[in-house]
Amino acid sequence: MDLIRQIEALGGEFAHQVAALDSEQDIRALQARYLGKKGSVSQLMKEMGALDAEKRREVGAAFNRVKEQIEAEVARRLGELASRLAQADLDRAIDVSLPGRTTPRGHLHILTQTWAEAVAIFAELGFEVAEGPQVDTDFHCFEALAIPKEHPARDMQDTFYVTDDIVLRPHTSPVQIRVMMAQEPPVRIVAPGVVYRRDDDATHSPMFTQIEGLLVDEGVRFSDLKGVLMHFVTRYFGKALEIRFRPSYFPFVEPGAEVDMQCAFCAGPGSACRVCKGSGWVEIGGSGMVDPEVFEKVGIDAEKYTGFAFGMGLERMAMLRHGIGDIKFFYEGDLRFLTQF
Ligand code: 2NL
């Protein structure tokens with residue numbers, strides 16, 4: 001066969017083969033099989049040596065045409081390949097109008113919120129936070145508070161005993177005992193914390209949370225106690241509700257009083273309110289002037305200083321504010337309850 005026809009046949013063969021390939025690697029390999037040093041086109045060129053000058057020029061020109069044709073074919077196929085890949089990229093583009101998958105966001109437990117809010121309200125009046133152990137001694141929990149041996153609070157029915165001398169604290173008063181033993185007045189602290197009592201019904205739990213307050217200084221009066229509690233009620237319940245004191249007995253205060261406030265939930269006495277049972281008043285805690293006997297136990301001069309103290313249940317505060325009907329809801333971890341706050 002005439003050499004030029006052979007050369008052109010190789011060009012046609014290449015065009016046919018390259019059309020079937022669709023990776024750059026395969027196309028480059030095919031190109032090398034034709035144009036590489038040992039490629040079929042290069043092999044054929046060796047036969048040019050036997051030709052005369054004029055024929056060689058003609059054949060040479062044919063070689064160049066075919067080489068250019070092959071190179072153009074390679075470029076065209078690679079270009080096609082690149083645009084096909086780019087189109088595939090576009091076809092799987094992200095739909096930015098789809099709503100995102102959100103991660104559920106948690107929040108503080110209602111009791112933790114109540115704790116933080118109570119502490120913040122007392123901080124407005126200059127009270128600092130004091131904390132202490134949940135397992136404490138008979139001395140700090142009872143003896144130093146002038147709670148006599150025969151007092152019902154010391155009964156196994158009320159207090160959890162670890163040993164004869166070690167108890168789960170039934171109130172946070174031992175925290176305040178420690179502070180008074182460690183520092184001279186003025187003392188102005190709140191002691192929030194978990195406490196334990198053998199009690200279990202819709203409004204009592206064997207483990208609950210309390211905040212006690214203590215202010216000791218020269219000239220502290222019962223009216224100061226009233227002002228502090230009025231500030232707390234106004235801030236925590238968001239309105240200036242009346243408070244009232246009912247004389248009561250706690251061994252560590254004299255005089256002692258239970259504290260009521262106007263029911264935040266109803267129109268007043270006579271209504272069918274489930275929170276205050278129609279009385280218009282709800283109890284929020286206990287309070288009183290620190291008994292001089294307590295000052296003696298902790299080494300504070302009872303002739304020079306007076307003080308008041310109070311204690312409130314944090315669950316009870318939250319129940320009164322939010323209308324929560326059972327203390328158990330705080331501890332069950334049911335999201336239907338928790339997500340409401
Ligand atoms: C209540 C009653 C009260 C106190 C707590 C107290 C502490 C010291 C000295 C004197 Cl160190 N008093 N605390 C006083 C009166 C009442 O709590 O019903 N709590 C839920």
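The values are calculated or read from the model by the stated rules, or taken from the named source; none is laboratory data. Computed from a prediction, not measured in an experiment: that's the story for all the values here. Don't worry about glycine lacking a Cβ; one is built from the backbone with ideal geometry, like all the others, and counts go over all protein chains shown. Heavy atoms of the whole protein, side chains included, go into the accessibility calculation; ligands, DNA and RNA do not. Shrake-Rupley method; radii C 1.70, N 1.55, O 1.52, S 1.80 Å.
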Exercise. For residues that are more than 15 Å from the ligand (Cβ to nearest atom) and within 14 Å of ARG188 (Cβ to Cβ), scanning just the range 209-242, find the one that is nearest to the chain's Cα centre (by Cα).
Key: HIS231
Quiz item: Among the residues of the range 243-259, which ones are more than 20 Å from ALA302 (Cβ to Cβ) and more than 10 Å from the ligand (Cβ to nearest atom)?
Solution: ILE243, ARG244, PHE245, ARG246, PRO247
Quiz item: Can you tell me which residues in the range 91-117 are assigned to a helix (DSSP H, G or I) and open to solvent by 100 Å² or more (accessible area, probe 1.4 Å)?
Solution: ASP91
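Would you point out which residue out of GLY286, GLY278 is small (Gly, Ala, Ser), under 26 Å from GLY323 (Cβ atoms) and away from the ligand (no atom under 11 Å from the Cβ)?
Step by step, each of GLY286, GLY278 is checked, and only GLY278 is small (Gly, Ala, Ser), under 26 Å from GLY323 (Cβ atoms) and away from the ligand (no atom under 11 Å from the Cβ).
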Quiz item: ALA88: at pLDDT 85 or above, exposed (fewer than 12 other Cβ atoms within 10 Å of the Cβ), under 60 Å from the mean Cα position of the chain (by Cα) and closer than 20 Å to GLN25 by Cα, yes or no?
Solution: yes
Quiz item: Out of (1) under 14 Å from GLY256 (Cα atoms); (2) open to solvent by 50 Å² or more (accessible area, probe 1.4 Å); (3) touching a helix residue (DSSP H, G or I) at 6+ places or on another chain (Cβ under 8 Å), what's the single condition that is false for PRO292?
Solution: (3)
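Which residues, counting only those in the range 247-264, are touching a Ser or Thr at 6+ places or on another chain (Cβ under 8 Å) and free of Cβ contacts under 8 Å to residues at least 60 places away in the same chain?
Restricting attention to the range 247-264, the residues satisfying the condition of being touching a Ser or Thr at 6+ places or on another chain (Cβ under 8 Å) are 252-253, 256-259, 263.
Those that are touching a Ser or Thr at 6+ places or on another chain (Cβ under 8 Å) and free of Cβ contacts under 8 Å to residues at least 60 places away in the same chain: VAL253, GLY256, ALA257, GLU258, VAL259, CYS263.
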Quiz item: For the range 203-218, does any single residue satisfy the condition of being part of a loop (DSSP other than H, G, I, E, B), open to solvent by less than 80 Å² (accessible area, probe 1.4 Å) and more than 30 Å from PHE329 (Cα to Cα)?
Solution: no
Exercise. Give the residues of the range 229-255 that are crowded, with 20+ Cβ neighbours inside 10 Å, out of contact with any helix residue (DSSP H, G or I) (no Cβ under 7 Å at 6 or more places or on another chain) and under 26 Å from ALA120 (Cβ atoms), sorted by residue number.
Key: LEU229, VAL233, VAL253
Practice problem: Mind counting the residues in the range 144-170 that are within 15 Å of the ligand (Cβ to nearest atom), open to solvent by 60 Å² or more (accessible area, probe 1.4 Å) and either β-branched (Val, Ile, Thr) or in contact with a Lys or Arg (Cβ under 7 Å, 6 or more places away or on another chain) (or both)? | Solution: 1
